[in-house]
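Take a look at the following structure, please.
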């Protein structure tokens, strides 16, 4: 892909000729570029109090194919990927590696603290109770969220919970048909807008399955469709990035929280299953 033109230069060339709505769009791009990168075209249009088509046409007027390409240009020229890490050194002795280390520690600590302190005890008790009584627990996650989903599946399966997990979203719609009113569907999604996740949730709702959403955006579609939505803090991660970081770590710590809390409901049962697991491993070792 050839380098994208400088969006600020393009705006400045046109600014004096812009009418009120497009001038509002230009002002938002110039004053809060990193916030714009995190918005969909619908969200950005609502923020600018204009139609989505106006946003798209403005992007094209600047020389981009559409809003998505404009956001890439904004992210690249703002160096959004490194916004949290490329910080001024505290002293001449502070290396780049140490600055990244300190930035990560701060981000992760704040993310984990906000996630764990923000948990609703009553909602978590409900979720754990439904898992304990469920005939089946199906767990889904796409992309990086699949890592947390698979981790929860393993931790619950080791405690005797009958779980279903697949990375292939086509299989989600197959196996959701096995679930009923006494079963649980747990969905991991940072955005809460992943198409495959929403599809399986729609099918589960028709079957009156109890749905748990683990999501970073409490106003997302997934959160609204779920019986219980558990919020994970993503510290404002942008969609244009090296990969999920704080959102992934927050999901992982929530998996550990659920696994520990579940194990404490019946410690004898938990020990029985863990002993079987370790005994099987011992047999393999010999």
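Return the residue satisfying two criteria in turn: it lies in the stretch 31-56 and is out of contact with any helix residue (DSSP H, G or I) (no Cβ under 8 Å at 6 or more places or on another chain) and modelled with pLDDT of 90 or more, and of such residues it is nearest to residue 191 (Cα to Cα).
46
Just a yes or no: is a residue in the stretch 93-100 in a helix (DSSP H, G or I) and assigned by TED's automatic domain parsing to the domain that holds residue 229?
No; the residues of the stretch 93-100 include none that is in a helix (DSSP H, G or I) and assigned by TED's automatic domain parsing to the domain that holds residue 229.
Among the residues that make up the stretch 123-137, is at least one of them modelled with pLDDT under 90 and either surrounded by fewer than 21 Cβ atoms within 10 Å (Cβ to Cβ) or more than 19 Å from the chain's Cα centre (by Cα) (or both)?
No, that holds for no residue.
Results for (1) out of contact with any strand residue (DSSP E or B) (no Cβ under 6 Å at 6 or more places or on another chain); (2) modelled with pLDDT of 95 or more; (3) surrounded by fewer than 20 Cβ atoms within 10 Å (Cβ to Cβ), shown as yes or no for each residue.
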position	(1), (2), (3)
177	yes, no, yes
194	yes, no, no
209	no, yes, no
236	yes, no, yes
249	yes, no, no
252	yes, no, yes
257	yes, no, yes
268	yes, no, yes
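Among the residues of the stretch 146-158, how many are touching a helix residue (DSSP H, G or I) at 6+ places or on another chain (Cβ under 9 Å) and buried (at least 22 other Cβ atoms within 10 Å of the Cβ)?
4
In this structure, does residue 65 turn out to be free of Cβ contacts under 8 Å to residues at least 12 places away in the same chain, part of a helix (DSSP H, G or I) and farther than 24 Å from residue 220 by Cβ?
Criteria not met by residue 65.
The values are calculated or read from the model by the stated rules, or taken from the named source; none is laboratory data. Only a predicted model underlies this, so the values are computations on that prediction, with no experimental measurement involved. Ideal geometry is used to build each Cβ from the backbone, glycine not excepted, and the neighbour counts take in all protein chains shown.
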